[in-house]
1. Hey, does region 438-459 have a residue that's of a type in the set (D, E, K, R), touching a residue at least 24 places away in the same chain (Cβ under 8 Å), more than 27 Å from Arg300 (Cβ to Cβ) and part of a loop (DSSP other than H, G, I, E, B)?
2. Out of Ile32, Ile102, Ile7, Ile13, which single residue is at pLDDT below 70, touching a Ser or Thr at 6+ places or on another chain (Cβ under 9 Å) and assigned to a helix (DSSP H, G or I)?
3. Mind checking which residues of region 140-170 are touching a strand residue (DSSP E or B) at 6+ places or on another chain (Cβ under 8 Å), of a type outside the set (A, V, I, L, M) and not in a helix (DSSP H, G or I)?
4. Answer yes if at least one residue in region 401-413 is under 17 Å from the mean Cα position of the chain (by Cα) and either assigned to a loop (DSSP other than H, G, I, E, B) or touching a residue at least 40 places away in the same chain (Cβ under 8 Å) (or both), and no otherwise.
5. Name the pairs: first residue in region 161-183 and under 21 Å from Ala107 (Cβ atoms) and of a type in the set (Val, Ile, Thr), second residue open to solvent by less than 10 Å² (accessible area, probe 1.4 Å) and not in a helix (DSSP H, G or I), Cβ to Cβ under 9 Å, at least 6 apart or on different chains?
6. Give me the pairs: first residue in region 59-77 and within 12 Å of Ala29 (Cβ to Cβ), second residue surrounded by 15 or more Cβ atoms within 10 Å (Cβ to Cβ), beta-carbon distance under 6 Å, and six or more apart or on different chains, which are they?
7. Give the residue that is surrounded by the most Cβ atoms within 10 Å (Cβ to Cβ), with candidates limited to residues of region 316-330 that are in a helix (DSSP H, G or I) and of a type in the set (A, V, I, L, M, F, W, C).
Amino acid sequence: MISANEIKREEFISQMVEKWLGNPLTRSALKIICNEGKSGNRLEAALKMYSGHRVNCGLSDAFVSVIVKLLMDMGGGLLGIPNQKLKDAMRDPVIRRAITNIFTGIAEFGVQKPFTSSAPFLVVWNYTKICNLRCKHCYADAGVEQMEGELSTEEAKRAIDEFERAGVVAIAFSGGEPLMRKDIFEVASYAKKKHFYVSVATNGTLITDEMAKKMKDTFDYVEVSLDGFESTHDQFRGVNGAWKLTCAGIKNCVANGIDTCVALTATRQNLNEIPELIDFIEDELGAGRVIIFNYIPVGRGKEIVDLDLSPEERRGLLKYLYSRMMENDCKTIFYSTAPQYSTISWEYAHGPTFPTHFMTREAIRVLQDKTKTLAEFLGGCGSGRLYCAMEPNGDITPCVFIPIKIGNIKDQGLKEIWRHSKVLERLRDRKSFESCSKCKYNTICGGCRARAFGYFGDLQAPDPGCIHNMRYWEELKGALGESALTGEPQLAGSAD
């Protein structure tokens, strides 16, 4: 268990950093450090020099590098990380870009709880609307036809150039089925060469051994959807035989050494299968990660609102996932897009808090016992703060589940959209959220904004999937019909 002294130490560091970075003079200095220099962003260049690389820079850039070295050494000391370990970490261009993004965000937006990055840390790119399945819950309403105006190969590369200028760290290709578009490897490889963290979300049916070998050279992370055992999955995905192909695809990814995550959308249709399905994923498929997606009433998902979990069922599932992960012999990392997951980790107190994607086991070990500090920093729902989405035609939206166009990559710079969108301002203003603004978990959860919009048509409405918003859930049951949002499914052993 975490000791009282350790809690005080983490709180002391958090408060000290908050006061130091929140100081107007410090923010002014950060703006200078994060400004553009001879070799691009001065902070990123300084971090590169800190790691031991030679950088062609001017006198002012060299001065900044000295300041950054002092700050890195001091920060490492406060966090108990040896200087050499920090220097080794800074050799990774993805980590350098991530740190630059974070500190530039502090320079621009200040020290906020929760944090807002200077540009989307992650862009989820719905690369095409074409798909070979017909999933009941598809937010994109994907099918056999391309979306009108899908970006060409060259336009897609120019979008990646724009992401680089903005300071984006990670790109996740999604769909539709991204592997059905012929230029996916050309464009994803282009992003990889630009030092992005590159991932892909796929239904897995097209991943042969040969395809997996090709993916290994391109993608840092692969997320494959599996919504249950054969009958459940095939019914949910709308194509008989999909389950067998998907399982084979997952095995091919694992066999070729790809960092593989199995994704499923939790509904009343598959809730009771989840514990056994996780056993199957661990023992038979060999994937090291599982992510549970929140059901969102958007796209074709509007047609299955009766399958949504109750707040009690959702909380029970999240508690089950977290407690299982904390067992000593657990082989799997569990994530969830439900922001209430952060409140579960907060309540456990001794465990780590997770962002939605891309957390490694090494990062978990580093962040162990730092739940409070990290939870307030990440802040649960990251829509409009930490990430955004892009449609196949270049339209920018706050989230793949929030179909509100806030700009287009062909017409505007991503940073311009990120900084000036009124829609994103509403998403960042948690004090104006109905019900959620009064919750003690406001800064670490905030409720799922996509569910708020999907159910009430208002980004600042309550998330009816939370036990603290039971009144709104009961109102929905009355409006949609009592039988629509109630039923038998209840995860065994999940009750409080």
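The values are calculated or read from the model by the stated rules, or taken from the named source; none is laboratory data. The structure presented is a predicted model; accordingly, all values stated were derived computationally and were not measured. We place every Cβ from the backbone using ideal geometry, glycine too, and count neighbours over all the protein chains shown. Heads up: the accessible areas ignore ligands, DNA and RNA and are worked out on the full protein's heavy atoms, side chains in. Shrake-Rupley method; radii C 1.70, N 1.55, O 1.52, S 1.80 Å.
1. Scanning region 438-459, I find no residue that is of a type in the set (D, E, K, R), touching a residue at least 24 places away in the same chain (Cβ under 8 Å), more than 27 Å from Arg300 (Cβ to Cβ) and part of a loop (DSSP other than H, G, I, E, B), so the answer is no.
2. The unique qualifying residue is Ile13.
3. Gly143, Glu145, Gln146, Gly167
4. yes
5. So the pair list comes out as Val168/Ala119; Val168/Pro120; Val168/Val123; Val168/Phe196; Val169/Ser117; Val169/Ala119; Val169/Pro120; Val169/Phe196.
6. Note: pairs meeting the criteria are Val64/Ile33; Val64/Arg42; Val64/Ala46; Val68/Ala46.
7. Leu321
Let's see how each residue does on (1) under 30 Å from Glu391 (Cβ atoms); (2) touching a Pro at 6+ places or on another chain (Cβ under 9 Å):
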| position | (1), (2) |
| --- | --- |
| Met72 | no, no |
| Gly76 | no, yes |
| Ile81 | no, no |
| Leu86 | no, no |
| Glu108 | yes, no |
